[in-house]
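Here the structure comes first, spelled out in structure tokens, and everything after it is commentary.
The values are calculated or read from the model by the stated rules, or taken from the named source; none is laboratory data. Bear in mind the structure is a predicted one, so any value in this text is a computation, not a measurement. Backbone-built Cβ (ideal geometry, glycine too); neighbour counts: all protein chains shown.
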């Protein structure tokens, strides 16, 4: 593994089975410790498959996918789930909040599955409230139900959930797709501030190349991934 790499794929490949299946191959891709990387790709470019390989929700058929120097194929299913919870905070495109849970419940959820992150968070409820404040959410929002939040508020709660306990890697899947230009800019300012404060590596997926100037590096899916589609 490359020194300093938090994410590294080498000759990694995965083939989806069944009719209309496709195979994805990644000769080489990496994200360094503390680096911010924007991954650009259109719909159907294999972004979801690549993120699933990095998170270990699917295992590469061939090659190596390593997170913080650990080859994910060397871990059992249970160990891989625990490792993902400890190492990676994820901001899903649809946010995936528990609608009838409070904001605090949603933010603190990862700590239930990641004791290492829990140890880094001496006062979890206080830290959840601090993250909400730092991300521009109103005072007292931690008691609100997630279902009652605006889209922009849900998005910021999703980021707070990903950041709680200072995971070394943050993965954001199209987190700005539902925001207008001003809200998008403000949101990214807040997210980058917190990523920098924690020293986390950020891998963000988007289809918008205009975001590239904010990142240390921009990578296009077409430059790192080969897709082989099976004829219907």
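Restricting to the stretch 199-232, count the residues that are surrounded by 15 or more Cβ atoms within 10 Å (Cβ to Cβ), out of contact with any strand residue (DSSP E or B) (no Cβ under 7 Å at 6 or more places or on another chain) and at pLDDT 95 or above.
Counting residues in the stretch 199-232 that are surrounded by 15 or more Cβ atoms within 10 Å (Cβ to Cβ), out of contact with any strand residue (DSSP E or B) (no Cβ under 7 Å at 6 or more places or on another chain) and at pLDDT 95 or above gives 0.
Look through 129, 196, 160 and report the one residue that is out of contact with any helix residue (DSSP H, G or I) (no Cβ under 7 Å at 6 or more places or on another chain) and either assigned to a helix (DSSP H, G or I) or touching a residue at least 12 places away in the same chain (Cβ under 8 Å) (or both).
Testing whether each residue is out of contact with any helix residue (DSSP H, G or I) (no Cβ under 7 Å at 6 or more places or on another chain) and either assigned to a helix (DSSP H, G or I) or touching a residue at least 12 places away in the same chain (Cβ under 8 Å) (or both) leaves just 196.
Which fully enclosed helices (runs of 4 or more DSSP H) of the stretch 7-122 have 1 or more residues being in contact (Cβ under 8 Å) with a residue 60 or more places away in the chain, under 21 Å from residue 197 (Cα atoms) and touching a helix residue (DSSP H, G or I) at 6+ places or on another chain (Cβ under 8 Å)?
77-87
Among what's in the stretch 9-40 and is modelled with pLDDT under 90 and farther than 24 Å from residue 77 by Cβ, pick the residue that is farthest from the chain's Cα centre (by Cα).
Checked the stretch 9-40; the qualifying residue farthest from the chain's Cα centre (by Cα) is 19.
Let me spell it out: the conditions are (1) surrounded by fewer than 20 Cβ atoms within 10 Å (Cβ to Cβ); (2) more than 24 Å from residue 191 (Cα to Cα), and residue 52 meets all of them except one. Which number is the exception?
The failed condition is (2).
If only one of 165, 136 is assigned to a loop (DSSP other than H, G, I, E, B) and under 19 Å from residue 85 (Cα atoms), which one is it?
165
Here are 67, 62: which of them is buried (at least 21 other Cβ atoms within 10 Å of the Cβ) and farther than 15 Å from residue 93 by Cβ?
67
Please go through the stretch 84-101 and pick out each residue that is in contact with a strand residue (DSSP E or B) (Cβ under 7 Å, 6 or more places away or on another chain) and surrounded by 18 or more Cβ atoms within 10 Å (Cβ to Cβ).
Within the stretch 84-101, 87, 88, 89, 90, 91 meet the criteria.
Which of the residues belonging to the stretch 172-186 are surrounded by fewer than 23 Cβ atoms within 10 Å (Cβ to Cβ), under 11 Å from the mean Cα position of the chain (by Cα) and either under 19 Å from residue 34 (Cβ atoms) or without any contact (Cβ under 8 Å) to a residue 60 or more places away in the chain (or both)?
none
Looking at (1) under 18 Å from the mean Cα position of the chain (by Cα); (2) over 17 Å from residue 169 (Cα atoms), find the lone condition where residue 6 falls short.
Residue 6 satisfies every listed condition except (2).
Need the failing condition index for residue 120 against (1) modelled with pLDDT of 95 or more; (2) over 30 Å from residue 40 (Cα atoms), just the number.
The single condition residue 120 does not satisfy is (1).
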